[in-house]
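Report on the following structure.
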Amino acid sequence: MTSQNWLEDLNHKLDTWLDTWLANHPGQGTLLEEDERNQAKSAGGRHWVQLRQEAQQLRQVLLQQGEAIGLWRQRHQEALAGRNSTLAHQCADHEHRCRREGQVMWERLERIGSLRPEEWCITAAQGGWRVTEAPVSLQQAWSNFVVEQELEELRRQGGKG
């Protein structure tokens with residue numbers, strides 16, 4: 001007898017035994033069904049709590065992501081005004097990356113909001129949502145740009161005085 005046949009045979013025997021036992025104890029079948037419903041409801045409730053926590057995290061991160069998008073849009077404009085097209089391009093690229101990642105977060109939040117209760121158990125909560133970080137090289141380039149702009153402003157003021 002193969003292990004698969006043995007397992008099927010054992011499963012069949014257990015099902016038969018359970019059916020016989022439940023037939024001899026009619027109240028137990030109702031209790032068993034009720035217990036299964038309660039467990040499913042409890043599992044659904046736990047999943048819902050986890051999904052709700054994920055949705056709250058997503059809302060917070062999306063607000064911060066929106067601020068980051070505005071910040072990098074502003075920096076893009078400032079770099080253009082300062083005639084630094086390379087930095088302006090990098091700022092614009094990062095703004096677009098923030099927008100794309102924000103769109104993914106927004107779609108996930110909409111998905112959570114559209115779930116029906118029976119889908120709670122089959123939808124795993126995700127974590128680790130965070131604001132899109134600018135690469136260190138871009139942050140450093142921005143800092144250098146700000147310092148250069150301030151030095152240029154000081155030179156202009158020194159030439160007037």
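Tabulated results
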quantity: Single residue of segment 94-134 satisfying the filter (over 17 Å from the mean Cα position of the chain (by Cα) and either at pLDDT 95 or above or part of a helix (DSSP H, G or I) (or both)) that is farthest from residue 59 (Cα to Cα); calculated: 118
quantity: Some residue of segment 140-159 being buried (at least 16 other Cβ atoms within 10 Å of the Cβ) and either acidic (Asp, Glu) or part of a loop (DSSP other than H, G, I, E, B) (or both); calculated: no
quantity: Scope segment 125-161; condition touching a residue at least 60 places away in the same chain (Cβ under 8 Å) and within 30 Å of residue 46 (Cα to Cα); matching residues; calculated: 125, 126, 127, 129, 130, 131, 132
quantity: Looking only at segment 75-93, and only at residues there that are aliphatic (A, V, I, L, M) and surrounded by fewer than 16 Cβ atoms within 10 Å (Cβ to Cβ), the one that is nearest to the chain's Cα centre (by Cα); calculated: 80
quantity: Residue within segment 103-112 that is surrounded by 14 or more Cβ atoms within 10 Å (Cβ to Cβ), touching a Phe, Trp or Tyr at 6+ places or on another chain (Cβ under 7 Å) and under 15 Å from residue 145 (Cα atoms) present; calculated: no
quantity: Inter-residue pairs, beta-carbon under 7 Å, first under 16 Å from residue 152 (Cβ atoms) and in segment 70-82, second in a helix (DSSP H, G or I), 6+ apart; calculated: 79/87; 79/88; 79/91; 79/145; 80/88; 82/145; 82/149
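The values are calculated or read from the model by the stated rules, or taken from the named source; none is laboratory data. This is a predicted model, so every value here is computed, not measured. We place every Cβ from the backbone using ideal geometry, glycine too, and count neighbours over all the protein chains shown.
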